[in-house]
Each structure stands twice: as C-alpha cells, then as structure tokens.
Amino acid sequence: MYLMLFVLNDPDHLEDVLSAWEHAGVSGITILPSTGLGRIRQKEGLRDDVPLIPSLVDFVHHTADISNTLFSVIESDELKQKVLAATEAVVGDLNKPGNGILIVLPL
C-alpha cells in the first residue's frame, strides 16, 4: 500500500484530475487547500480578508490563490502507475516546473 500525495498548482485542473484518479480506480480522495513558500514570499498566499481564526471554508472560497493537495491510499503498484499516468495526462509532465508535485510513500 502507498500514500499518494499530489500538490496541484493549477486549481483549474482539479475536477479533471479527480475524474482521472477515479477512472484509474481510486476510491477515495481527500482534497485540502494549500499554498507554498513561493506564494507566501510573493504575498500571493497571504490574504487580508481571512478572519483571525479562519475555518477551512474561509480558504476554499478563494481558490485562485491556492493550490490543492490531494491524497489517497493506493493499494497496489499497478494502481500507482495508473494514477501517475492519469495525472500526467491531465497536467502534463510532472518533471516540468509548474505542473505539480507527486509523492508516493510506502505504507
């Protein structure tokens, strides 16, 4: 078994990536809004309209400024390869900058 983590830089691809993962055979996916050091340093990740004690909903409303981090438990090497291929079919080559970061950890 594996834990697959994918940081999707372009939120416009979210629905397509989710559909591709489901079509590949993934039965459950957790999606979290996220941001990185680059956006923080450029002040794009910091917003002045977020409440002092924000909830997850406060961040979800402004998806243009954030990435999405998807994670799922993958049961086999075969499924892992299918998900990798499905992801690259949507976002492009993951070795190129800006397409996202995919990490697979054995469980």
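Provide the solvent-accessible area of S27, counting protein heavy atoms only and rolling a 1.4 Å probe, rounded to the nearest 10 Å².
My reading of the accessible area for S27 is about 130 Å².
Sorted by mean Cβ packing within 10 Å, highest first, what order do the peptides 3-10, 91-98 take?
Per-residue Cβ counts within 10 Å, averaged per peptide and sorted highest first, yield 3-10, 91-98.
Using 1/(1 + (r/R0)^6) with R0 = 25 angstrom and r between the beta carbons of E15 and S76, what's the FRET efficiency to the nearest 0.05?
Efficiency at R0 = 25 Å is approximately 0.50.
Going by amide H atoms built from the backbone, whose H comes under 5 Å of the H on G100, apart from near neighbours?
Long-range HN contacts for G100: N9.
The values are calculated or read from the model by the stated rules, or taken from the named source; none is laboratory data. This is a predicted model, so every value here is computed, not measured. Please note: Cβ atoms are built from the backbone with ideal geometry, for glycine as well, and neighbour counts cover all protein chains shown. Protein only, heavy atoms only, side chains kept; ligands, DNA and RNA dropped before computing areas. Shrake-Rupley method; radii C 1.70, N 1.55, O 1.52, S 1.80 Å.
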